[in-house]
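Chemist: This is the structure I have questions about; it appears just below.
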Amino acid sequence: MKRDKSMQKQNNKNSRPSSRAIKNRKRLRLLPIVILLLMSIMGTTVPHNRTNTYQVQEEYLVQPGDTLWSIATNYAEHGDDIRLMIDRMVEANHLGDDCALKPGDKIMVVLDERDLPL
């Protein structure tokens, strides 16, 4: 009896895995690829909708020597990203590529952009 069990164990070790086990292994190998593909599709199809936000703005009178950087630096609080503030000012004031400011111009400084409550 003991000999039969040991023979069965030895035969099981030498036998090939079943076709079901092979299919399961192949599926498991494909799982990370499928997950990455799904994540990339989800990330590229989620629209960036700016209509659900509003901006807190303040009007500023441009002085001689002012630049967008100097204005944003004056309004920035600790930890604010100056580049983001400048991008928002360019967008809010419809400034062109040159972003030319002249003394006496009135521009809107975007202090914050917040989500609308749903």
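Chemist: Specify whether the C-alpha gyration tensor of region 59-118 places it in the rounded, prolate or oblate class, a ≥ b ≥ c being the square roots of the eigenvalues: rounded for a/c under 1.5, otherwise prolate if a/b is larger than b/c and oblate if not.
Modeler: It is prolate, given that a/c is not under 1.5 and a/b is the larger ratio.
Chemist: Next question. Calculate, for ILE35 and GLU113, the FRET efficiency according to 1/(1 + (r/R0)^6) with r their C-beta to C-beta distance and R0 30 Å; round to the nearest 0.05.
Modeler: 0.35
Chemist: Quickly work out the CYS99-to-LEU61 label distance, labels modelled 7 Å from Cα along the C-beta direction, and quote it in nm with one decimal.
Modeler: The answer from the label model is 2.4 nm.
Chemist: I need the peptides 109-117, 94-102 ranked by packing, meaning the mean over residues of other C-beta atoms within 10 angstrom, with the highest value on top.
Modeler: Going by the mean number of other Cβ atoms within 10 Å, highest first, we get 109-117, 94-102.
Values quoted throughout were computed directly from the atomic coordinates according to the rules given, and no laboratory measurement underlies them. What you are looking at is a predicted structure, and each value in this text was computed from that prediction instead of being measured. All Cβ positions, even for glycine, are placed from backbone atoms using ideal geometry, and neighbour counts span all protein chains on display.
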